[in-house]
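Contents: one structure, followed by commentary.
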Amino acid sequence: MKKIFAANWKLYKTPKEARDFFVNLLPRVGETSGELVFFPSTICLESTSNSLKGSKVQWGAQNCYSKLQGAFTGETSAQVVKELGGSYVLIGHSERRSLFGESDALIADKVEAAQSVNLIPMLCIGETLDEREAGTTTSVLQRQLQQNLAKAHKNGALVVAYEPVWAIGTGKVASPEQVAETHKAIANILEEMGFKNTNILYGGSVKPENAASLISLQHVGGFLIGGASLEVESFIRIAKN
Ligand code: PGA
């Protein structure tokens, strides 16, 4: 399976900064292998679409609503993302769950909405530090997968990003042993649920310095990168792996 190197820009970069980033990135895409995917903030999607037109680089939104249109002030439609040329949408990022109160049921509806317009949902799951220390990591991930994928097509395009909450933006990356063990558990759960060959990315403090030790692990299909994706140089160094 092709490795995916996905950049989650969160609420960073203006449209101009996004354009400047891609001007510097595009001549260097040949240095990387695998698929590159960018998730800029919603207001930068159109400039991203224009910048990446005709290139192999994919992009998507960081969130979408569960309905494609209607009286939903402030929301983002998966249909519009698709029309602009997007391929993916991040769903259920831990910041959406913890800061914006997204429930497992809402996330399931969002996955369904994304697949209905042929956007690939990149579903984010992960345990908190308390859950890991209590030994409940696998059951937490199993619950998230079962509830979040309750309405997903078994044969539809889907990517899962495993992001331990305690590793996001903290500089504390999961160890290769933890990543190997957890990715294996996720692959088994997905298999049992009838989702075949799902690409499973790792996310949480991925940096050029730790990427090589993680990318070669079995069941690691690539990375979802936050902080280290904001600079062309560090993103390229990670995606060269
Ligand atoms: P980080 O963020 O790489 O800065 O830890 C990852 C993410 O939130 O997707």
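The values are calculated or read from the model by the stated rules, or taken from the named source; none is laboratory data. Being a predicted model, the structure only gives us computed values, none of them experimental. Glycine also receives a Cβ, built like all others from the backbone with ideal geometry; neighbour counts cover every protein chain displayed. To get the accessible areas, we keep the full protein, side chains included, count just its heavy atoms, and leave off ligands, DNA and RNA. Shrake-Rupley method; radii C 1.70, N 1.55, O 1.52, S 1.80 Å.
Using a simple spin-label model with pseudo-atoms 7 Å out from Cα toward Cβ, residue 217 and residue 143 lie 2.3 nm apart. Each of residue 233 and residue 177 was given a label point 7 Å from its Cα along the Cα-to-Cβ line. The distance between the two points is 3.5 nm. Across the accessible surface of the range 1-109, with the other protein chains kept in place and a 1.4 Å probe, carbon and sulfur atoms take up 53 percent.
The residues of the range 61-157 have, on average, 48 Å² of accessible surface per residue, using a 1.4 Å probe with all protein chains present.
Structure remark: mean-square fluctuation, Gaussian network model of the chain, C-alpha springs under 10 Å; the largest value among 53, 110, 151 belongs to 53.
Given R0 = 41 Å, the distance between the Cβ atoms of residue 193 and residue 28 translates into a calculated FRET efficiency of 0.60.
A crude spin-label estimate for the pair residue 154 and residue 133, with each label 7 Å from Cα along the Cβ direction, gives 4.1 nm. With Cα atoms defining each centre, the range 87-119 and the range 155-181 are spaced 17 Å apart in the structure.
Could you work out which residue, out of 170, 32, 137, moves most in a Gaussian network model of the chain, that is, has the largest mean-square fluctuation with Cα springs under 10 Å? Between 170, 32, 137, it is 170 that shows the largest mean-square fluctuation. Quarter the surface of the alpha carbon convex hull of the chain and you get the mean projected area, 11.9 square nanometres.
Ignoring the sites themselves, the chain has its longest run without chymotrypsin sites (Phe, Trp or Tyr not before Pro) in a DSSP loop having at most 13 other Cβ atoms within 10 Å at 101-241.
Given R0 = 35 Å, the distance between the Cβ atoms of residue 170 and residue 2 translates into a calculated FRET efficiency of 0.75.
When the chain is treated as a Gaussian network with alpha carbon springs shorter than 10 Å, the biggest mean-square fluctuation among 87, 47, 213 belongs to 213. The magnitude of the dipole of the range 72-135, with charges of +1 and -1 set on the Cβ of Lys/Arg and Asp/Glu and taken from the Cα centre, is near 280 debye.
Rolling a 1.4 Å probe over the heavy atoms of the protein chains gives the range 162-223 an accessible area of 41 Å² per residue. Here the gap between residue 17 and residue 71, fully extended at 0.36 nm per residue and compared with their Cα-Cα distance, gives a gain of 16.3 nm.
Checking the Cα-Cα distances for 10/240; 82/172; 2/82; 82/151 against a 29 Å cut-off, the pairs over it are 82/172. Among 6, 34, 227, which residue has its Cα positioned farthest towards the positive end of the charge dipole of the chain, with +1 placed on the Cβ of Lys and Arg, -1 on the Cβ of Asp and Glu, and the dipole taken about the Cα centre? Checked the options; the winner is 34. Each Cα pair under 8 Å and six or more residues apart adds its sequence gap; the mean of these over the residue count of the chain is a relative contact order of 21 percent.
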